[in-house]
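The structure under discussion appears below in the form of structure tokens.
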Amino acid sequence: MAARVSVIVPVYRVEEYLPRCLRSLEEQTIFEDLEIILIDDGSPDRSGDLCDEFAKRHENVRTIHKQNGGVSSARNAGLAAATGDYIGFLDADDFVRRDAYQVAHEAAVGSSADIVVFRFAFVCDDVEVRASSPPAQPLRIDGPEAILGSLIDHRNGVIEGAWDKLFRREVLSGLSFPTDLSCGEDAVLLAEACVRAKRALAIDDALYFYRERPGSAMHTLGGTMPDERISAHERIARIAGAHFPGLAGAAEARAHHMRLFVLNGILDSPDFGNIPAWERQIRALRRSLPRVLRARSRRWLPLRRKAYAVLLAFFPGFAARLHKRRALRRKEAPRCPQPSA
């Protein structure tokens, strides 16, 4: 019987966490109806061997070994190999609830949804510390403009990850993750998928467990990572403008917000002025400031955030002190920060 769901798992240097991920797949209630594709992206540790050992035990599991090319390249290799009716993505340092793919698949079939969005929970050392906010009830989102608008404004539980969703295979046909991005690549592909989707369904089940770990790509300040996070949202703004001009303003405001978010992250470093991305993005902020001030999105650029943008652009030292005082006032909770593409 053809696989109902293909699960694509990019694997790179995750020897410590991979067994937990694989065990969660092995325990799936519809395991025999899954096609599990493990992409060893040239991992230098034993991760590739662990994939091979797992594949030897199960006929519906296969490992693809490839030269290291990054997570987008690995996922694209999985997309090219997938044959399931639906496609899901699982990062190798995360894991899923034992009925995750049964619940998501039944929701997709029962609602005729092209994309099913489910909740996720943050874990530290395999202990759940906080779950994402649920919708009030399972929520149907009809029409590509409404689906893309939900992504842009983070409404209805739709955020920029690929891993908290199940996709009808046809929605992803011909699409690929951008290989020139190592951060925010999910967001770009997801925007393109939203344009194709006729219906999405957000359900209130927390099916995915997202592990926050030190040194993860999400929090790297060096190199071009900060620039790529912003570039991803600028691409989404172009996608929105090309298909639904009414969403372009909100999408551009989201990109401006991401620049402020990234700059704030750099401010956390005591040596922020010497981080290469700082100078690049401060110059970009100054150039874009007129558009920031004209933006009408209260969701992403309320008045106080616009004022902060001006302060950050021209008085970064004062903005750094303000940012640090705010950080000290925040209550520290035992949770991992929410990923933002």
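Counting only DSSP beta bridges whose two residues both lie in the chain, roughly 40 percent are antiparallel.
Within the straight-line cut-off of under 17 Å between alpha carbons, the aspartates and glutamates reachable from LYS198 are ASP85, ASP114, ASP142, GLU145, GLU170, sequence neighbours fewer than 8 places apart in one chain being disregarded.
How would you rank 224-232, 311-319, highest first, on the average number of other Cβ atoms within 10 Å across their residues?
Sorting 224-232, 311-319 by mean packing, highest first, produces 224-232, 311-319.
With n ≥ 4 as the cut-off for DSSP H runs, can you work out [θ] at 222 nm for the chain, using -39500 (n - 2.57) per run divided by the number of residues, rounded to the nearest 500? The helix-only estimate for the chain comes to -14000 deg cm²/dmol at 222 nm. Using the alpha-carbon atoms, what tilt in degrees (0 to 90, nearest 10) does helix 248-267 show relative to the longest principal axis of the chain? Approximately 80 degrees, to the nearest ten.
Carbon-plus-sulfur fraction of the accessible area of the chain, 1.4 Å probe, in percent? Here it works out to 50 percent. Computed with a 1.4 Å probe over protein heavy atoms only, the accessible surface of the chain comes to 45 Å² per residue. Between the range 253-280 and the range 1-27, the C-alpha centres lie 34 angstrom from each other. For the range 293-304, putting each phi into the Karplus relation 6.51 cos²θ - 1.76 cosθ + 1.60 with θ = phi - 60° gives couplings of 6, 7, 4, 9, 7, 6, 5, 9, 10, x, 4, 5 Hz, in residue order, rounded to whole numbers and with x for Gly and Pro. Here the Karplus relation 6.51 cos²θ - 1.76 cosθ + 1.60, evaluated at θ = phi - 60°, turns the backbone of the range 25-31 into coupling constants of 6, 4, 8, 4, 5, 10, 3 Hz, with x for every Gly and Pro.
With the whole protein complex present, HIS105 retains an accessible surface near 20 Å², based on a 1.4 Å probe.
A dipole drawn for the range 1-124 from +1 and -1 charges on Cβ atoms has a positive end, and of PRO44, PRO10, VAL117 the residue lying farthest that way is VAL117. With respect to the chain, whose longest principal axis is taken over its alpha-carbon atoms, helix 47-57 is tilted by about 30°.
Sequentially through the range 93-101, phi angles give Karplus couplings (6.51, -1.76, 1.60; θ = phi - 60°) of 9, 10, 7, 10, 5, 5, 10, 4, 7 Hz, Gly and Pro residues having no value and appearing as x.
The values are calculated or read from the model by the stated rules, or taken from the named source; none is laboratory data. On a predicted model such as this, the values are computed, not experimentally measured, just so you know. Please note: Cβ atoms are built from the backbone with ideal geometry, for glycine as well, and neighbour counts cover all protein chains shown. With ligands, DNA and RNA removed, areas are computed over all heavy atoms of the protein, side chains included. Shrake-Rupley method; radii C 1.70, N 1.55, O 1.52, S 1.80 Å.
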